[in-house]
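Below you'll find the structure, written out as structure tokens, and then a few comments.
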Amino acid sequence: MIFGIGVDLVNQERFIKILSKFDIQILKKKFLNLVEISQLETKLVNNSVNKTSNQKIANFFAKRFAAKEAFSKAIGLGIKYPITLNQISILHLPSGQPIIKLDEKLNTYLQQKLNIKIQNIHLSFSDEANQIIAFVVVEI
């Protein structure tokens, strides 16, 4: 049964500006969890020969932010206490399909406090030029 649907549209330029103002280590802690930090660092190392641009890094952050915001809208809470961005992981299956995984603390909170037992989370992205959209469907 569908519990909720969420969508978020992000302008990548916003994240380029954020990257120019703040240290990337602070942004990693605020926006990403350990798995995503590892993904970003692997991406940076693999692309160091090509000198990964701020645009690619901004795209990485923007996609994850859009997906996490869309998820929070789908469950009807938004990103506010006790939900944090780094409790939600945006990962990819070997096929490349994006997926959302929740950390145990958030999953427990949703089950015990809100009586939401998530069975499946569907995620789709699309991006064009500087716009990134994420669409999420949560099933219970």
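Readers should treat all values here as calculations from the given coordinates under stated rules, not as data from a laboratory. Note that the structure is predicted; figures quoted are calculated from it, not measured. Cβ sites come from the backbone with ideal geometry, for glycine too, and all protein chains shown count toward neighbours.
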Highest mean packing first, using Cβ neighbours within 10 angstrom, the peptides 29-36, 132-139 sort as 132-139, 29-36
Below 8 Å between Cα atoms, with a sequence gap of 6+, how large is the relative contact order for the chain in percent? 39
About its Cα centre, what dipole magnitude does the stretch 25-137 give when the only charges are +1 on Lys and Arg Cβ and -1 on Asp and Glu Cβ, stated in debye to the nearest 20? 260
Once you sort the root eigenvalues of the Cα gyration tensor of the stretch 27-105 as a ≥ b ≥ c, which label holds: rounded (a/c under 1.5), prolate (a/b larger than b/c) or oblate (the other case)? prolate
Against the 2.2 N^0.38 Å scaling, with N counting residues, where does the chain land? I'd like the Cα-based Rg ratio to two decimal places. 1.05
Got a sec to turn the phi values of the stretch 86-98 into Karplus ³J(HN,Hα) couplings, 6.51 cos²θ - 1.76 cosθ + 1.60 with θ = phi - 60°, whole Hz, x for Gly and Pro? 7, 8, 10, 9, 10, 10, 9, 6, x, 6, x, 4, x
Run the numbers for Met1 and Thr84: contour at 0.36 nm per residue of separation, minus the present Cα-Cα distance, in nm. 27.3 nm
Determine Rg/Rh for the stretch 66-140; Rg is computed over alpha-carbon atoms and Rh is the Kirkwood hydrodynamic estimate from the same atoms. 0.97
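Stretched out fully, how many nm does the piece from Ile140 to Ile99 gain, at 0.36 nm a residue minus the Cα gap?
13.2 nm
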When the chain is treated as a Gaussian network with springs between alpha carbons less than 10 Å apart, the largest mean-square fluctuation among Ile100, Ile57, Ile116 is found at Ile116
So which aspartates and glutamates can Lys80 reach, going by Cα to Cα under 12 Å and dropping same-chain residues fewer than 8 places off? Glu69
Work through the residues other than Pro82 whose Cβ is under 10 Å from its Cβ and net out their charges, Lys, Arg +1 and Asp, Glu -1. +3
The extension gain from Val35 to Asn107, computed as 0.36 nm times the residue separation minus the Cα-Cα distance, is 24.2 nm
Of Lys63/Lys113; Lys29/Lys113; Lys30/Lys105; Lys21/Lys105, pairs whose Cα-Cα distance is over 23 Å: Lys63/Lys113; Lys29/Lys113; Lys21/Lys105
From the Cα gyration tensor of the stretch 4-46, with a ≥ b ≥ c the square roots of its eigenvalues, which class applies: rounded if a/c is under 1.5, or else prolate if a/b is larger than b/c, or else oblate? oblate
Between Lys117 and Ile26, Cβ-based FRET efficiency (R0 22 Å, step 0.05) works out to 0.05
